[in-house]
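K.L.:
My structure is below; once you've seen it, I'll send some questions.
The values are calculated or read from the model by the stated rules, or taken from the named source; none is laboratory data. Note that the structure is predicted; figures quoted are calculated from it, not measured. Backbone-built Cβ (ideal geometry, glycine too); neighbour counts: all protein chains shown. Accessible surface is based on the protein model in full, side chains and every heavy atom, while ligands, DNA and RNA are left aside. Shrake-Rupley method; radii C 1.70, N 1.55, O 1.52, S 1.80 Å.
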Amino acid sequence: MKTNQLPGPANWWRDAVVYQIYPRSFADGNGDGIGDLKGILSRVDYLASLGIDAVWLSPFFPSQLADGGYDVDDYQAIDERIGTLEEFDELVSKLHENQIRVFVDIVPNHSSNRHAWFKEALEAAPGSPARDRYIFRDGKGPDGSQPPSKLASHFGPEGWTQVPDGQWYMHLFTKEQPDFNWDNEEVHQYFLDTLRFWSDRGVDGFRIDVAHGLKKNLEPLPDRDSYALSVMKDDGTDPIFDRDEVHEVYAAWREVFNEYDPPPVAVAEAWVHPNRRPPYASANGLGQAFNFDLLASKWDADSFRKIITDNLEMSAETGSSSTWVMSNHDVIRHATRLAIPGYGESADGFGDEHRWYVENRLNPNLDLDLGLARAKAATLLILALPGSTYIYQGEELGLHEVLDIPGESMQDPQWFRGEGKLKSRDGCRVPLPWTSAGSSYGFGKGGAHLPQPSWFAQVNVESQEAGDSTLNLYREAIKLRKASFSTDSFKWLNLGPNATAFERDGIVCVTNFGKEGLELPSGKVLLSSGAISGGKLPGNATAWVSTL
Ligand code: GLC
Ligand code: CA
């Protein structure tokens, strides 16, 4: 049994608060405009001040950044712009000294086209073992000049790209992200090795990118022009996503995790029908699965109530715990999203986000203060729920999406390949503001790789260190959550149609989704995201009330 992980009970992750770091945009230690491990090392005190249990590092592997690092050239190395393995080891030990665990992002569905294996595949002949690690097929038509099937990619129209000898390879994302063939034994072994490589270095957890991909049934080759959930089969037989066999892969991964004490946990990023989520979170599999339901939800008590009830039931089914997420590096920051009139009201969930972004990005009439009030209320609500909470860097400052990035500064392939229909994810990836003034607002001594807006002068770590700031609200809530909740107990209370209210361990958490003030239950108010007057909680606010 190997024990490089931070010691603790095997189920430490059940109620962990995990803070997502997008390394290129967190802090720049050497002044080249790109965030790096040195930068993160210099901010460990800040991370500790948040009271979080773990950080999740988005990909830091060598990459040409065709998809923000989710195009990996080498899974067992660090991009030289981001740091070295020595720095990584130093970061893990410094975080562990501060009782903070570390998650690494694993991207198993596809590598980058600069991975040694893909280069080898291009040099090898059709039908060779080197090509078998990826998905190569002959084209259609007399000269094979047509793609093998009508397959879109997530970011654009073409899911097949032709190589010089005439064959085509499949990529569900950009053409720089060829999909692996998960029926190939070498691919399988490579990821077992990779999980050991990072676990040996003391990594405590993994976030698994596109965890519902991997296994595919390509006989016959499927046609697909959309990846909306509504077109994906929900019985494990979809040709591309969420096939039942994918869980055989994760069962083998679990055996690797069990070589360590405590075993690393893994959290699946699986965009599947909610009823298909439990197997990913099973104790014989990855352990946890992201619940993204609140990301697509409208601001409405009934919707929140239903999502919470359903997810608590689902996590009880597997013995896992639920996960709660309001923001990440792929979606419009929740302070801005919750300011969007009508968001979440159409049936196609994330479709709303793209449509709104394209149509209203520069609309000056957005009520951003309302969005921020709701965001704080939502965060206090999820921090009171049983399960673990994933926080995305900058949300603790109440950051809004940066909406005015000029086209020529955009980096996200989704923006370029989306034919004007998909939003850019750059607006939530802008380098963090640490100070009110100075070079790149304290991000680093050089510039910032995406333009920072002038309002960062008001919204930054320095200006929120003292007083009633969003930052201090996060800190207090995380501290109080740790001190107060020791069980998974949960009971709904009824405070009317426009509120959610539940009780856990003697604390009642009330969220007022309405406009009018709401009478709070009697007790001591421990925390509130809005000013209480005359015993009433204002609209768009959450309070925690002790009834003990
Ligand atoms: C996941 C990542 C996203 C990336 C995609 C392809 O959804 O979160 O950022 O573009 O996978 O790897
Ligand atoms: Ca740097």
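K.L.:
Can you grab the distance from the C-alpha centre of segment 193-271 to the C-alpha centre of segment 397-454, Å, no decimals?
P.N.:
Computed from Cα coordinates, the inter-centre distance equals 30 Å.
K.L.:
Here is a further query. For an R0 of 30 angstrom, estimate the FRET efficiency from the Cβ-Cβ distance between Y227 and Q99 and round to the nearest 0.05.
P.N.:
It comes to 0.15.
K.L.:
Set the Förster radius R0 to 25 Å, insert the Cβ-Cβ distance between S409 and A48 as r into 1/(1 + (r/R0)^6), and round the FRET efficiency to 0.05.
P.N.:
Rounded to the nearest 0.05, the efficiency is 0.15.
K.L.:
Report ³J(HN,Hα) in whole Hz for each residue of segment 182-190, in order, from the Karplus equation J = 6.51 cos²θ - 1.76 cosθ + 1.60 where θ = phi - 60°; Gly and Pro get x.
P.N.:
Couplings: 7, 8, 8, 5, 5, 4, 4, 5, 4 Hz.
K.L.:
Related question: Please tell me which of these pairs span more than 21 angstrom C-alpha to C-alpha: K445/K479; K150/K175; K423/K445?
P.N.:
K445/K479; K423/K445
K.L.:
Turning to a different aspect of this structure: Can you tell me, using C-alpha contacts under 8 Å and at least 6 residues apart, the relative contact order of the chain as a whole percent?
P.N.:
In percent, rounded to a whole number, it is 14.
K.L.:
What are the aspartates and glutamates whose alpha-carbon lies under 14 Å from the alpha-carbon of K482, with same-chain residues fewer than 8 places away excluded?
P.N.:
Those aspartates and glutamates meeting the cut-off are D15, D53, D505.
K.L.:
Given H placed 1.01 Å from N in the peptide plane, which residues other than close sequence neighbours of Q393 have an amide H under 5 Å from its amide H?
P.N.:
Correct list: Q20, Y22.
K.L.:
Report, to the nearest whole %, how much of the accessible area of segment 488-546 belongs to carbon and sulfur atoms, 1.4 Å probe, protein only.
P.N.:
Roughly 50 percent of what the probe reaches on segment 488-546 is carbon or sulfur.
K.L.:
Also, quick follow-up: Taking H placed 1.01 Å from N in the peptide plane, check which residues at least 5 places from W324 or on another chain put their amide H under 5 Å from its amide H.
P.N.:
The answer is S388, T389, Y390.
K.L.:
Residue by residue through segment 304-309, what is 3J(HN,Hα) from phi via Karplus (6.51 cos²θ - 1.76 cosθ + 1.60, θ = phi - 60°)? Round to whole Hz and write x for glycine and proline.
P.N.:
Coupling constants for segment 304-309: 4, 4, 5, 4, 5, 4 Hz.
K.L.:
Excluding residues on the same chain fewer than 8 positions from K515, give the aspartates and glutamates whose Cα lies under 13 Å from its Cα.
P.N.:
Once the sequence-local aspartates and glutamates are set aside, what remains near K515 is D300.
K.L.:
Please give the calculated 222 nm ellipticity per residue for the chain, where each DSSP H segment of at least 4 residues contributes -39500 (n - 2.57) and the sum is spread over every residue; nearest 500 deg cm²/dmol?
P.N.:
Helix contribution divided over all residues of the chain: -7500 deg cm²/dmol.
K.L.:
Just the number, please: Stokes-Einstein D of segment 488-546 in µm²/s, Kirkwood Rh from C-alpha pairs, 25 °C, 0.890 mPa s.
P.N.:
Calculated translational D: 220 µm²/s.
K.L.:
Can you list residues whose amide H is under 5 Å from R504's amide H, if they're 5+ apart or on another chain and H is modeled 1.01 Å from N?
P.N.:
Placed amide hydrogens put C509 under 5 Å from R504.
K.L.:
At 10 °C and 1.306 mPa s, what whole-number value in µm²/s does Stokes-Einstein give for the translational diffusion of the chain, with Rh from the Kirkwood sum over Cα pairs?
P.N.:
For the chosen part, D equals 66 µm²/s.
K.L.:
With θ set to phi - 60°, apply the Karplus curve 6.51 cos²θ - 1.76 cosθ + 1.60 along segment 374-390 and write out the HN-Hα couplings as whole Hz, x wherever there is a Gly or Pro.
P.N.:
Coupling constants for segment 374-390: 5, 4, 5, 5, 5, 5, 4, 5, 5, 5, 8, 7, x, x, 10, 10, 10 Hz.
K.L.:
I need to check one value: relative contact order of segment 488-546, counting alpha carbon pairs closer than 8 Å and at least 6 residues apart, in percent.
P.N.:
Across segment 488-546, relative contact order equals 31 percent.
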